[in-house]
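The values are calculated or read from the model by the stated rules, or taken from the named source; none is laboratory data. What you see is a predicted model, and the numbers here were worked out from it, not measured in a lab. Every residue, glycine among them, receives a Cβ derived from its backbone with ideal geometry; neighbour counts consider all protein chains shown. Please note that ligands, DNA and RNA were not included when accessible areas were found on the heavy atoms of the full protein model with its side chains. Shrake-Rupley method; radii C 1.70, N 1.55, O 1.52, S 1.80 Å.
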Amino acid sequence: MRYPISGRSPAAATATLTTVAGPLSVRAVRGPVLPHEHLVLDLDRTGDGAAVLDSGRHRSAVVAELASLRASFGLGLVVEVTCRGMGRDPRALARIAAESGVALVAATGWYHQAFHPPETEEASVARLTEILVREIEDGIGGSGVRPGVLGEIGSGGERPSAREGRTLVASARAACATGLSLVTHAHLGRGGFAQLELLTGAGLPPHRISIGHQDLLDDPGTHRALAASGAYVAFDTVGKERYQGDDTRLRLLLALLEAGYADRALLSCDISRHSYLRAEGGRGYGHLFRSFLPKARAAGVDDGLIDLLTRRNPLRFLTGAETDTEIDTDTGTGIPDRAGPGTGSVRPLGGLAKET
């Protein structure tokens, strides 16, 4: 089966991204984007050091992987969604970007409540919003690195806790105030509708929201409904077989594409432990390109649609563009070993198809 894609526009976008090295024209991103990854983090609550990517011990392995993906697949950008309370290290991210040659976007916000720092316990929404806006405008600490996205803003169940609700609303208000987009952590894929309700209720348009970890939820109806709202649906744990098999992920993705929502899907791997690195025998950041996308191609997803899923969608999400005309450069090469451009069209980008 061939899935339709939107036509490529000749108009060049002028939007810029905020990376750890400063502003970057969207025109410069000529290859695929990983929109939900971790390069440095510390989620260790047991002392075993498993949920860690250390800026010292693991940096060389991370750099080697990114550089290899840049050389082999044209990797153009990584969105690093480690935020406050998750072991974020903006200086380390700047070094990784410089050493790998891959542009990186840093994040701000708060993860789900189990990892909230004390600052969130009693603070009002207004105070939390102020913290985020200041960091976005002035940089993280004294690093000079400015966040280019809100994320990954978390909740741990079907409904956010009161504390998670305040951080979600504050993050949405900060996104509105600064023009950034927002990535969520929906634990095991649950709670996406509740997140969307809070975020849009705070004034953030749906197309500036990516609802996270939906590939962990075997519910195509939920995926269609989230996409119909205008939000992005993140299939962002590709390769994490312990949580969900890639065959199931692919089935869910194909269902979303067949329903006409190709322009609302995002793909990433969410590397969050050092054991996931290729140097330690894991599948690494490139599993999406090496394994998952070839399976998608075999199922009938053509190369133009791959470019939509891996480059144009994340760029539209990050910049707030609602059409390809606003971001497309006609210089994107997508993934190497392309068989040629796809044909056909999806519903107009930025429009919302009604479920039939």
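Couple of notes before you dig in:
- FRET efficiency for the E137 to A299 pair, using the beta carbon distance and R₀ = 41 Å, is estimated at 0.40.
- Evaluating 6.51 cos²θ - 1.76 cosθ + 1.60 at θ = phi - 60° for every residue in the range 212-229, the Karplus couplings come out as x, 6, 6, 6, 8, 10, 7, 8, x, x, 4, 4, 5, 5, 5, 5, 5, 5 Hz, glycine and proline recorded as x.
- Accessible area per residue for the range 185-320 is 28 Å², calculated with a 1.4 Å probe on protein heavy atoms, without ligands, DNA or RNA.
- Karplus-derived HN-Hα couplings along the range 97-102 (A = 6.51, B = -1.76, C = 1.60, θ = phi - 60°), whole Hz, x at Gly and Pro: 4, 5, 6, 8, x, 10
- Part-to-part distance (alpha-carbon centres) for the range 124-190 and the range 16-80, which is given in Å: 20 Å
- Within the chain, the longest run free of GluC sites (Glu not before Pro) that sit in a DSSP loop with at most 14 other Cβ atoms within 10 Å is 1-120.
- Amide hydrogen neighbours beyond the local backbone of A265, cut-off 5 Å, H modeled: V233
- Linear extension gain, E121 paired with D48, 0.36 nm per residue minus alpha-carbon span: 23.6 nm
- Between the exposed loop cleavage positions of the chain, defined as trypsin sites (Lys or Arg not before Pro) in a non-H, G, I, E, B DSSP state with at most 13 neighbouring beta-carbon atoms within 10 angstrom, the longest gap is 58-241.
- Both the radius of gyration and Dmax for the range 197-332 are 15.0, 44 Å, in that order, over alpha-carbon atoms.
- Per-residue ³J(HN,Hα) for the range 170-187, Karplus 6.51 cos²θ - 1.76 cosθ + 1.60, θ = phi - 60°, Hz, x for Gly and Pro: 4, 5, 5, 5, 5, 4, 4, 6, 10, x, 9, 9, 9, 9, 9, 10, 9, 4
- Taking amide H as placed 1.01 Å from N in the peptide plane, the amide H of T19 sits under 5 Å from that of L24, each at least 5 places away or on another chain.
- 5 angstrom amide H check on L204, placed H, neighbours 5+ away: none
- Helices in the chain, meaning DSSP H runs of at least 4 residues, each add -39500 (n - 2.57). Divided by all residues, the mean residue ellipticity at 222 nm is -9000 deg cm²/dmol.
- Approximate shape of the range 55-126 as ellipsoid semi-axes (Cα gyration tensor, √5λ), whole Å, largest first: 30, 12, 9
- Measuring nothing but protein heavy atoms, the accessible surface of the chain at 1.4 Å probe radius is 49 percent carbon and sulfur.
- Compared with the direct C-alpha span, the chain from L188 to Y243 gains 19.0 nm at full extension, assuming 0.36 nm per residue.
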